[in-house]
Amino acid sequence: MNSIIKAYINDHRTQMFELLKELVCIQSGSRNKEGIDRVGRRIALEMNAMGFSCEFKKETKYGNHLIARSFDPKKSEPKQSDPKSATSGPTDKDKKQILITGHMDTVFPADTAFNFYKEDENCCFGPGVADMKGGLVVGIFALKALCHANCLHKNPITFIFNSDEEIGSPSSRALIQREAAKSRLAYVLEAGGLEGEIVTGRKGNMSIRLGVEGEAGHAAFAGKDKASAILELAHKTIAIEQLNDPERGITANVGTVEGGLGPNTIAQHAKAAIDFRFLSAGEDEILKTKIEKIVSSQTIPGTRSQMTVNSGRPAMPQNPANIEVFKQIKILADDLGIAVKPELRQGVSDANIIAQEGIPVIDGLGPIGAKDHSEDEYIQKSSLAERAILFGNILACID
């Protein structure tokens, strides 16, 4: 199987880069529904050609999500066997699907000047080339190789191409959770690390907006009792930053602050955008309680504060199930001469959502790249085929 997959990918390197260029050159910022829908339609052509059934989950505010299945859910959706019967055939585990996810959106808005694709001898550059259109190409061609080897239907596969990961997956979260609940194992095709890292765990995150209201006035007449929203926000900023606890893997960062009209006015309004990261399940609720206590307390009389949770993802622990799957991947990678190592990644992805459903999930299986979310975003050209070969073998060999 290894030799068939490897030969197919090596014979189709040119087509891989052609598809990558085509996808990268379709502008698909998270708010650009038209562009994302173009990406989805283009990918559907590739999936249909392999015999996948494709369904678009229509959205009005965001791009449509594409769900591609290697089986017809109306005719052959995996059915659970009777756990009480020893002769009922395949077990529930054998019947459940394998879930693959990858997002079509990028962080770059429709009017960005970073709207081109280019290559040099070693790297490809472009918006989303690493995060994560390169990963989509890896997944598509790994499946093409399995189709060529006539073993695509060894396991039922569902591949979700969602449109809103970069803004917290607000419309695809429930879809991903439903499909994860029907799965025994999941893979996410975000970019791999520069030293071959594959993600076995991720921190969770919570993003909040803190707003403070005070009393406006002229700075010339301000006394010690001025109800400045900025002054109250300053006290709260210090209190929030004190929630940092590196030993427990907790980070708190007040990233932006705004407020006031000018230097000669007492600020009536102030606000801050704050990011929290945490390692353990349930830590977000503990943090939320602490934040609410800070918000409800008042240091400057005459001020009032409120917080809004904008988005968040649960922690994805490096649990034994994930580590066991990684060990199997490491054996395959060693046989292929591909360097891999496990990573606890600080950032979040849809893998965090999948992990909440209690199934093993491995992330970072896309091509090796870096500087994503910047105009220097790139992938290493050699890793595109390398990771497709590895992922094809993962799908063929790991049950």
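The values are calculated or read from the model by the stated rules, or taken from the named source; none is laboratory data. If you're wondering where the values come from, they're calculated on a predicted model, not measured in any experiment. Using ideal geometry, Cβ is built from the backbone for each residue, glycine included, and neighbour counts are taken over all protein chains shown.
Do we have T289 as over 29 Å from I100 (Cα atoms), polar (S, T, N, Q) and assigned to a helix (DSSP H, G or I) here?
Against the criterion (over 29 Å from I100 (Cα atoms), polar (S, T, N, Q) and assigned to a helix (DSSP H, G or I)), T289 qualifies.
When you scan segment 259-279, how many residues do you find that are free of Cβ contacts under 8 Å to residues at least 60 places away in the same chain and touching a helix residue (DSSP H, G or I) at 6+ places or on another chain (Cβ under 8 Å)?
Keep residues of segment 259-279 that are free of Cβ contacts under 8 Å to residues at least 60 places away in the same chain, which gives 259-270.
Remaining after also requiring touching a helix residue (DSSP H, G or I) at 6+ places or on another chain (Cβ under 8 Å): 259-260, 263-270.
The total comes to 10.
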* **Yes/no for S382 being surrounded by fewer than 22 Cβ atoms within 10 Å (Cβ to Cβ), touching a strand residue (DSSP E or B) at 6+ places or on another chain (Cβ under 7 Å) and hydroxyl-bearing (S, T, Y)** => no
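Does S280 meet the test of being assigned to a loop (DSSP other than H, G, I, E, B) and not aromatic (F, W, Y)?
On the way: assigned to a loop (DSSP other than H, G, I, E, B): yes; not aromatic (F, W, Y): yes.
It is true that S280 is assigned to a loop (DSSP other than H, G, I, E, B) and not aromatic (F, W, Y).
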* To do: Output the residue which, of all residues in segment 21-76 that are farther than 17 Å from S172 by Cα and touching a Gly at 6+ places or on another chain (Cβ under 6 Å), is surrounded by the most Cβ atoms within 10 Å (Cβ to Cβ).
  => V24
* To do: Taking only segment 309-360 into account, find how many residues are among the hydroxyl-bearing types (S, T, Y) and at pLDDT 95 or above.
  => 1
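Just to be sure before I move on: is I329 crowded, with 23+ Cβ neighbours inside 10 Å, β-branched (V, I, T) and farther than 26 Å from K182 by Cβ in the structure I sent? Give the steps one after another, and end with the answer.
Values: crowded, with 23+ Cβ neighbours inside 10 Å: yes; β-branched (V, I, T): yes; farther than 26 Å from K182 by Cβ: no.
The answer is no for I329.
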* Structure fact -> Counting only residues in segment 298-347 that are part of a helix (DSSP H, G or I) and among the aliphatic types (A, V, I, L, M), the one nearest to G201 (Cα to Cα) is identified as I323
* Subset of segment 144-196 that is of a type in the set (V, I, T) and assigned to a helix (DSSP H, G or I) - its residue that is surrounded by the fewest Cβ atoms within 10 Å (Cβ to Cβ) -> I167
